[in-house]
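See below for the structure under consideration.
A short reminder: the numbers here are calculations on the coordinates, not readings from a lab. Please read all numbers here as calculations on a predicted model, not as lab measurements. Cβ placement follows ideal geometry from the backbone for every residue including glycine, while neighbour counts extend to all protein chains displayed.
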Amino acid sequence: MHVLKLWFAVILGAAQLTPGGSISGTVRFSRGEPVAGVRVMAMMVPRPGRGGGQSVLVSLTESDKDGHYHLDDIPNGQYFIAAGPVDSPVFYPGTGARTDARVVAITADARALSGIDISIATGGRGQSSPPATSSQVLCCDLSGLVLTEDGGPMPAGPLRVADMAHTWSVDTKDGFFRVSIPRGTVTQFSVEGLPPGYALRSVVYGGRNAGLASVMIDGRQPQAVLLRISVLPGSTLPNVSVRGKIVNVAPELNFRSMSMAMSSSVSGGPSFTAPIESDNSFAFPNITIGTYQPGLRDATGKFWGISSPTEVRNDAKDLTIDLRNNPFPELDSPQPLQSLFTGGKELEISGVATQRLTHMRASGRTVYFRMDVRDAQSGAITAWAIYIHDEGLVPNIEIGQTYTLKGTVASDGTHRLNAQPF
C-alpha cells in the first residue's frame, strides 16, 4: 500500500526525529464493519508547557479495504493515534476528545505496536456521530456520478443515491448528482431503483477505491464520489408471465406484419418477441424479470421503442402500452426507426386538414397533422397522416383548409407522408 508520510523539521524544541518503530491496527465502525480509505495518523503527545499544547503529526497513512493500517518510521516517544480528517479526528480507542484518548509509546524495547484498533461511531439512526465543528459546516459538497463498470449504457428508469441509514437521499440526472455531507460523517452509499440483476459494485471517493465499505467524508480532494454498478455475475433471475394490450392506436398504423418486442435495458441482455393479436393484445408467457424497452419489430427484424421503459418484477396481466393516437410512434421514441420513409415513393396529394399541428414528444419542433384526401376518379376519401420534421418549414395548419403538398410515402405502404416544405 502506498503510504503518505508527513515530517516536520522542528518539533516543539528542535529535537530531531529519528526513524524507528511502527504502529498497526484496524479501523472499524462501532458495529464491527471495517472502515476503508480513511486517513490514520500518529501525532506526538505535546510536552507540558511547550508549543501551546499542540500535537505534531509524525506519520500518515490510509486504511485498506479491510480497515487495516500500518504506520512506519515512528521515532521513540508518546503518541495519539487517530483516524479521520486532521482537524477533527477520532482518537484511539474511539473518542472525539483528545483528553479522553489513550496514549501509546514507541520505546527501545517496544518498536512495533500492533492491535491499536480504532472504533468510529456510525452516524445512522439511533447512533452517535462525531460532534459537529465549524469545519463540518464548510464541508463537504460532493459531485457524484453513477456509472457502469464496463462502460455500457445505464439502466433505464430513475435512480436515487442514498446512505444505507436513509438519513439522506438525492435524485440522479443522467447519472449525475450532488449532495452535501458534513465532514466527519461515516457514509455507506447505496443506489435505489436499480432493476433486477444490477448491483452497486464499488465506491470511489476522493480518487480512492473503498470497494463496498463505508467511507468517512473528510474533505479530501477531489471532492467527488463515483458509484460503479454492474450486472451481477452469473445471476439467475426468475421468469414471469406478462400480458397486455396496445391502446390508442392510430388508424393509419398496420400491425399485421409486426410483433410486440421487449428489449432488455441491460447491456447484452435478452430480448423477447410476441405476436400482436387482432385486438392489439399480446402475451409473454415466459419473460425474465428486469427493465425493458417495449417496442415493435417488423418483418425484417428492425426494432423501435414505442413507449417509456417498463420494469417487470412480477406476473402482470394488464401491461398497457399507450400510443396516444400518434400516427408516427416509430419516430417518437427513444429508439426511432430512421428508415420509415427509406425507399418510399414520392407523391403529391391535396386534401382538407382535419387536425392542427400536433407536437411529438421526441422533439420540440417535430409535428404532424391529418388531412382527408379525395380520389379524383372514385371520389373515395382516405385519411392521411402528415409528418413534418420542423414546424418552421410549414404554415400554421387550419382545420377545414385545403393544402397541396409533396413528400415521401412510408415504406410499409400505409397512408403516412413525410412532407416537404410547403
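Ranking request for peptides 192-202, 393-403: highest mean number of other beta-carbon atoms within 10 Å first, then the rest in descending order. Don't skip to the end; give the middle numbers.
Working: 192-202: 17.4, 393-403: 12.8.
Per-residue Cβ counts within 10 Å, averaged per peptide and sorted highest first, yield 192-202, 393-403.
Relative to one another, the C-alpha centroids of the range 359-422 and the range 73-117 are positioned 79 Å apart.
What does the C-alpha gyration tensor say about the overall shape of the range 334-411? Classify as rounded when a/c is under 1.5, otherwise prolate if a/b is larger than b/c, or oblate. Oblate. Determine which lysines satisfy two conditions relative to LYS245: a Cα distance under 25 Å, and not lying fewer than 8 residues away in the same chain. Partners within reach: LYS302, LYS317.
Length available on full extension from ARG361 to LEU145: 0.36 nm per residue minus the Cα-Cα distance, which gives 75.1 nm.
Dividing the C-alpha radius of gyration of the range 134-231 by 2.2 N^0.38 Å, with N its residue count, gives 1.03.
Full extension of the segment from THR402 to ARG324, taken as 0.36 nm per residue of separation minus the current Cα-Cα distance, would add 25.5 nm.
Taking square-rooted eigenvalues a ≥ b ≥ c of the alpha carbon gyration tensor, is the range 21-120 rounded, prolate or oblate, where a/c under 1.5 means rounded and, failing that, a/b exceeding b/c means prolate? The shape class here is oblate. Computed packing ranks the peptides 410-417, 310-317 as 410-417, 310-317, most packed first, by mean other Cβ atoms within 10 Å. Within the straight-line cut-off of under 18 Å between alpha carbons, the aspartates and glutamates reachable from LYS345 are GLU252, ASP375, ASP412, sequence neighbours fewer than 8 places apart in one chain being disregarded. Of the residues MET154, MET216, the one with the fewest other Cβ atoms within 10 Å heads the list, and the complete ranking is MET154, MET216.
Dipole of the range 239-331 computed with +1 at Lys/Arg Cβ and -1 at Asp/Glu Cβ about the Cα centre; of ILE306, ALA283, LEU323, farthest Cα towards the positive end is ALA283. If R0 is 45 Å, the Cβ-Cβ spacing of HIS166 and ILE381 corresponds to a FRET efficiency of close to 0.15. Going from the residue with the fewest nearby Cβ atoms within 10 Å to the one with the most, ILE289, ILE181 rank ILE289, ILE181. Taken over the Cα atoms of the range 280-399, the convex hull encloses 155 Å³ per residue.
Placing pseudo-labels 7 Å out from each Cα toward the beta carbon at LEU212 and GLN78 gives an inter-label distance of 4.4 nm.
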